[in-house]
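Readers should treat all values here as calculations from the given coordinates under stated rules, not as data from a laboratory. Only a predicted model underlies this, so the values are computations on that prediction, with no experimental measurement involved. Positions of Cβ are backbone-derived with ideal geometry, glycine not excepted, and every protein chain shown enters the neighbour counts.
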Amino acid sequence: MAHIALTNERAHPPVVTERDVAVQPGSIALDDRDYGWVGVAWFDLLYRTLNVQPSRFYAVPVLYPNAFVTSTIDIAVASEPVEIEVGSAPYTVLRCVVTSETGLDEVHYVTLDGELVRAERARHDVVLELESGG
C-alpha cells in the first residue's frame, strides 16, 4: 500500500488530495499526463534493463500517482528478429506489441541489445524513429 499526496498549486488556497493505493511490488511510477516523448524515453530505458528475449511476455506493473491508478503494461515479443531500416542504418530488431488496460496500443522495434529504434502508434498514425547519436 502506498500513501500518495498530490498538491494542486494552482488552486487558491492550494488543495491537497491524499489516497492510499494498493501497489504491486516492483511497480514503476509514470506520469500519464506527459506520456509523449517522456514515455518513449521511459520505454528505451526499460528495454535496456529488461534484457528482452524472443517469444517472451512481460507484464510490467505501473503506478500513475497523479491519477491514483495502478495498471500493467503488457509487452509481447515476437519469436524471431526482423531486419528494418531507421534513417539509412539497418537494424536487427525484435518486434514488441505493447498494450495496457489504460489504452496503450503500440508496436516497438528493439535491437537485440535493448535499444528502442522505432515506435508505431497506429491509432494516431504516428511512427517515431530514433537514430543513435553516434
Item to check | Total formal charge among the other residues, if their Cβ is under 13 angstrom from that of P61, Lys/Arg +1 and Asp/Glu -1 | outcome: -2
Checklist entry - Got the relative contact order for segment 2-129 handy, in percent, Cα pairs under 8 Å and 6 or more residues apart? => result 18 percent
Item to check | Hull volume in cubic angstrom per residue (convex hull over the Cα atoms of segment 2-129) | outcome: 117 Å³
Checklist outcome for this item: Under a Gaussian network model of the chain whose springs join Cα atoms within less than 10 Å, the largest fluctuation of V98, V86, V110 belongs to V86
Checklist outcome for this item: Per 10 angstrom bin, beginning at 0 and ending with the bin that holds the maximum distance, the Cα pairs of segment 74-124 fall in percents of 26, 53, 20, 2
Checklist outcome for this item: If one builds a Gaussian network model of the chain from Cα atoms under 10 Å apart, the most fluctuating residue listed among E18, E85, E115 is E18
